[in-house]
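Here it is: the structure, laid out below.
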Amino acid sequence: MDDRKLQILGAIVEDYVSTREPVGSKSLLERHELGVSAATVRNDMSVLEEEGLIHQPHTSAGRVPTDKGYRAFVDHVAMVKPLSAAEKRAIRTLLEDAGDVEELLARTVRLLAQLTQQVAMVQYPARRQARIRHVELVKVADSLLLVVLITESGRVDQRTVPVVAGRPAEYYAALRDQLNRAVAGREVTDLAAPLTDYLESLPVPERPAAAEVAEALTALAATRAEDRIMMAGTANIARSAEDFARDVEPLLDVLEEQLVLLRLFTEMHVSPGDVQVRIGSELHDRALHQAALVGAGYGAGSYLAILGPSRMDYAAGISTVQAIARYVSRFLE
């Protein structure tokens, strides 16, 4: 397509997104400075329809974009709008004082949902990239020990465990150093072998006390190794219910179960801050064929995204998702 037809396609997408009404040639000429005659616009719209980029829902109606049209718009027309200084400050203010990764992700999805008016999702740091940075042991009572696990993503998990073979605080300080030498840099799903090797290296009388801590550490690592998605803004689907016709219930089921969404994130291959857009059938699930997903990588192998109707503001969505993904990556570092 030449630039003029792409300009007309962009105008149709923008008008349909803002009005939810089929777009005719007359309204295009009224709303946009196209610099061509009405006959030229009608002719170009006919070509766009022949190419499968727009279609006519009713005999007397204007045209609306198809999934192919949205894809062409995203690939060739949409201009990503940089966030304003005020928007950047608001993002920094909200995210930078989060106490831990859990709070950071919760704030992230709330902010994404608020700014885009779509469903916002963020994947917990991918387990294949969740490596242990540090283990801390704190004796809080004669028979209670606080076990703290910190991963390279910055996430902190902790658990207070009862210990039968209680030892002095100095013992646990030394044990902490030995455990860090054994497991630092390991993935949270790969602790069994190094912990077993460490326990077997100890004199037999020393093993029971160390084994209690090793078991607690293994259990703590297992609880944070699950793939999960944090979500906000599901109510925004209700505002777009008419865009999904009768398919809104299957879509809500997909959001609740999360398995399809986890698979979509697994299939995405983008670097932190880079954006990928999938529209309609590109989402490979019938319940999502009237939806679109704008996602970006953050951190080390995890993703955040917005999900909404294919009739969404792609330019604003892409810029917002991209900016927030970069902020989150920076804070995790």
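The values are calculated or read from the model by the stated rules, or taken from the named source; none is laboratory data. Quantities reported herein were computed from a predicted structural model and do not represent experimental measurements. Neighbour counts run over all protein chains shown; Cβ positions are idealised from the backbone, glycine included. Please note that ligands, DNA and RNA were not included when accessible areas were found on the heavy atoms of the full protein model with its side chains. Shrake-Rupley method; radii C 1.70, N 1.55, O 1.52, S 1.80 Å.
Please work out how much length the chain gains when fully extended from Asn180 to Glu200, using 0.36 nm per residue of separation minus the C-alpha to C-alpha distance, in nm with one decimal.
5.6 nm
Please compute the modelled spin-label separation between Ser60 and Ala141, points set 7 Å along Cα→Cβ, answer in nm with one decimal.
7.9 nm
Describe numerically, in nm with one decimal, the distance between label points set 7 Å from Cα along Cα→Cβ at Asp3 and at Asn43.
1.9 nm
Find the eigenvalues of the gyration tensor of the Cα atoms of the chain, then list the square roots of 5 times those eigenvalues as equivalent ellipsoid semi-axes, largest first, in whole angstrom.
53, 18, 16
Mind jotting down a quarter of the surface of the convex hull over the alpha carbons of the range 229-281, in square nanometres, one decimal?
4.5 nm²
I'd like to know which of His284, Ser201, Gly233 lies farthest towards the positive end of the charge dipole of the range 183-333, counting +1 on Cβ of Lys and Arg and -1 on Cβ of Asp and Glu.
Among His284, Ser201, Gly233, the one farthest towards the positive end of the dipole of the range 183-333 is Gly233.
Okay, next question. Please work out the C-alpha center-to-center distance from the range 252-293 to the range 59-92 and express it in whole Å.
Centre-to-centre (Cα) distance: 18 Å.
Just flag the GluC sites (Glu not before Pro) in the range 1-107 sitting in loop per DSSP whose Cβ has no more than 13 other Cβ atoms within 10 Å.
Passing both the DSSP loop test and the Cβ count: Glu33.
May I ask you to give the percent of accessible area on the range 215-333 that is carbon plus sulfur, with a probe radius of 1.4 Å?
So the carbon and sulfur contribution to the accessible surface is 48 percent.
Measuring from label point to label point, each 7 Å out along Cα→Cβ, what is the Ala106 to Thr234 span in nm?
Inter-label distance under the simple model: 1.7 nm.
On a 0 to 90° scale, report how tilted helix 248-257 is relative to the longest principal axis of the chain, with both axes built from alpha carbons and the result rounded to the nearest 10.
It works out to around 20 degrees.
Now for a separate question. Counting heavy atoms of the protein chains only and a 1.4 Å probe, report the per residue accessible area for the chain as a whole number of Å².
For the chain, the per-residue accessible area is 48 Å².
Something else now. Which stretch or stretches of the range 82-109 have amide N atoms under 20 Å from the point lying 7 Å from Val270's Cα along the Cα→Cβ direction?
Of the residues in the range 82-109, 82-84, 88, 91-92, 105-109 have backbone N under 20 Å from the label point off Val270.
As an exercise, use a Förster radius of 30 Å and the Cβ-Cβ distance of Met79 and Arg133 to find the FRET efficiency, rounded to the nearest 0.05.
0.15
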